[in-house]
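Report on the following structure.
The values are calculated or read from the model by the stated rules, or taken from the named source; none is laboratory data. Small disclaimer: the values here were computed from a predicted structure and weren't measured. Neighbour counts run over all protein chains shown; Cβ positions are idealised from the backbone, glycine included. Remember, those area values only see protein heavy atoms, side chains included, never the ligands or the DNA or RNA. Shrake-Rupley method; radii C 1.70, N 1.55, O 1.52, S 1.80 Å.
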Amino acid sequence: MDTDLVLRAQQGDRSAFAQIVDEVLDRFLAIAHRILRDGGLAEDATQAALLGMWRDLPGLRQPERFGAWSTRLLVNACYSEARRARRWLPNLSLDSAPEPRAPDELEPVLDRDELERAFRDLPVEQRAAIVLHHYVGMPVESVAQALDIPAGTVRSRIHRGMNTVRGTMRAERLACDTLLRQEATR
């Protein structure tokens, strides 16, 4: 982020702040959606982060650290939205029915759904660390700075989260295989 732009926004320049919002909005929405797994919650978290940014920007002491600071605002807003939601509801769309697919075409969709369910079961803190590191591509040290936690904690959250996802997916596949074998013996 251009430091001069941040300095102008800190001094109350609304057009500079609007430029900042234009630059971060799509990225914020994408990150929030990946952390929260829900479009509506992601929009609410993004809006809360942008409002917090406007409110707290004059107090930012190091404008060159705007990126980490604003990401921390977003992640904290995601944490708040996740606590507010408390439970995850299925994200269903009742648009037109999809055309039937060949079995080979279903495999990637089933894998993606399985991964989505496993990822959704993670605590939001683990999802945030994984999203910032693997999706956004931030190094562990930058994730630690953005989340205001030690780098070791980030590594631990990523490691535990990925192990949990793998374990959940293995357990789900084992359960499905067991059900298929039971059905085949009937």
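Some values worked out for this structure:
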{"quantity": "Candidates Ala16, Ala30 - the one that is surrounded by 15 or more Cβ atoms within 10 Å (Cβ to Cβ), among the aliphatic types (A, V, I, L, M) and closer than 19 Å to Glu125 by Cα", "calculated": "Ala30"}
{"quantity": "Sole residue being more than 22 Å from Val131 (Cα to Cα), at pLDDT 75 or above and either under 15 Å from the mean Cα position of the chain (by Cα) or open to solvent by 30 Å² or more (accessible area, probe 1.4 Å) (or both), chosen from Glu81, Glu43, Glu64, Glu107", "calculated": "Glu64"}
{"quantity": "Contacts under 7 angstrom Cβ, first residue in segment 54-75 being under 17 Å from Gln11 (Cα atoms) and free of Cβ contacts under 8 Å to residues at least 40 places away in the same chain, partner part of a helix (DSSP H, G or I) and of a type outside the set (Gly, Ala, Ser), 6 or more apart", "calculated": "Trp54/Phe17"}
{"quantity": "Identity of the residue in segment 1-13, aliphatic (A, V, I, L, M) and out of contact with any Leu (no Cβ under 7 Å at 6 or more places or on another chain), that ends up surrounded by the fewest Cβ atoms within 10 Å (Cβ to Cβ)", "calculated": "Leu7"}
{"quantity": "Residue among Arg61, Arg55 that is over 16 Å from Ala146 (Cβ atoms) and outside any helix (DSSP H, G or I)", "calculated": "Arg61"}
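Each row is one residue, and each column tells you yes or no for (1) in a helix (DSSP H, G or I); (2) among the aliphatic types (A, V, I, L, M); (3) modelled with pLDDT under 95.
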{"residue": "Val131", "(1), (2), (3)": "yes, yes, yes"}
{"residue": "Ile158", "(1), (2), (3)": "yes, yes, no"}
{"residue": "Thr164", "(1), (2), (3)": "yes, no, yes"}
{"residue": "Thr168", "(1), (2), (3)": "yes, no, yes"}
{"residue": "Arg173", "(1), (2), (3)": "yes, no, yes"}
{"residue": "Thr178", "(1), (2), (3)": "yes, no, yes"}
